[in-house]
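Let me begin by presenting the structure, written as structure tokens, before commenting on it.
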Amino acid sequence: MKINSAEFVISNSKVAHCPKSTLPEYAFIGRSNVGKSSLINMITGRKSLAKTSGRPGKTQLINHFLINKNWHLVDLPGYGYARVSKSAKKVFQKFITAYFEERKQLVCAFVLVDSRHEPQKIDMEFMQWLGEHGIPFCIIFTKTDKLKPQAITRNIANYQEKMLEDWEEMPHYFVTSSTAKTGDEEILDFIENLNKEVVK
Ligand code: GDP
């Protein structure tokens, strides 16, 4: 899929205030600093559609972007950042879970994980929660330019092994680097194919 247009629509913390449109949408979520803003900018080909933050935890709203006038990309708040106070964190979690529970337009969530790290408990728990709620998701491994090819393969195999302790199969996944600009076409083609299914 080629990106012809990418426009900011609305930011808010209430699912009820999200766009009423029934266009298919795709949500991007992950731990703060995982590289979500950089990835969104890469796949949309826009330098600063999503703000890349020096200060993690900054994007604490549900952000809708209209892509090619026919689907929504949703930038969700990063989770699990320690500097956000416990009570504030609870609020974020509540509206994030409300988003997933209520947003019928959601076709697939993309859970971003840093390819350099061991599987993290918070990501595992979040994916578990998505699974329990029947929400389709994929994994996006980020920042692979920071690893040698063998290390990428090893870390993903390690991740898969961990996932298979709880899951029957490894979710569909993408291997990306916003710095090296890799993995964007695969994600966009995947979305394009799902969009075709949805509008059938
Ligand atoms: P967010 O908090 O998840 O939105 O993460 P950002 O996109 O703001 O990125 C967090 C930090 O990681 C920034 O310093 C980025 O420059 C850096 N970063 C993001 N993606 C990549 C990548 O693919 N490769 C490398 N080397 N650094 C990245």
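A simple charge model with +1 on the Cβ of Lys and Arg, -1 on the Cβ of Asp and Glu and nothing else charged puts the dipole of the range 6-198 at about 1180 debye relative to its Cα centre. Phi angles across the range 113-128 convert, under the Karplus curve 6.51 cos²θ - 1.76 cosθ + 1.60 with θ = phi - 60°, into 3J(HN,Hα) values of 10, 6, 4, 7, 9, 4, x, 9, 4, 5, 5, 4, 5, 5, 5, 4 Hz, Gly and Pro given as x. 3J(HN,Hα) couplings calculated from phi for the range 28-43 with the Karplus curve 6.51 cos²θ - 1.76 cosθ + 1.60 (θ = phi - 60°) are, in sequence order, 10, 8, x, 5, 3, 6, 6, x, 5, 4, 4, 5, 4, 5, 5, 6 Hz; Gly and Pro show x.
Remark on C138: its backbone amide H falls under 5 Å from those of A109, F110, V111, a criterion applied only to residues 5 or more positions apart or on other chains, H modelled at 1.01 Å from N. Each label was represented as a point 7 Å from its Cα along the Cα-to-Cβ direction; for L194 and Q93 these points are 2.5 nm apart. Per residue of the chain, the DSSP helices (runs of n ≥ 4 H) give a summed -39500 (n - 2.57) that works out to -11000 deg cm²/dmol at 222 nm.
Using a/c under 1.5 as the rounded threshold, could you call the chain rounded, prolate or oblate? The axes a ≥ b ≥ c are square roots of the C-alpha gyration tensor eigenvalues, and prolate needs a/b larger than b/c, oblate otherwise.
Details: a/c = 1.31, a/b = 1.15, b/c = 1.13.
Rounded.
Please identify the longest segment of the chain free of exposed GluC sites (Glu not before Pro), where exposed means a DSSP state other than H, G, I, E or B and no more than 15 other Cβ atoms within 10 Å. Between exposed loop sites, the widest span is 1-164. On the beta carbon distance between N70 and N33, with R0 = 41 Å, the FRET formula returns roughly 0.85. Counting DSSP beta bridges with both partners in the chain, what percentage is antiparallel, nearest 5? About 40 percent, rounded to the nearest 5. Extending 7 Å from the Cα toward the beta-carbon at both A157 and E185 defines two label points whose distance is 2.7 nm. Here's the picture: a label point sits 7 Å out from the Cα of I3 along the beta-carbon direction, and within the range 9-25 the residues with their amide nitrogen under 14 Å of it are 9.
Measuring between alpha carbons in the structure, the pairs from K14/K146; K121/K143; K14/K196; K51/K148 lying more than 26 angstrom apart are K14/K146; K14/K196; K51/K148.
All of the numbers you see were taken from the coordinates with simple rules; none came from a lab. Note that the coordinates shown come from a computational prediction; the quantities given were computed from them, not determined experimentally. Backbone-built Cβ (ideal geometry, glycine too); neighbour counts: all protein chains shown.
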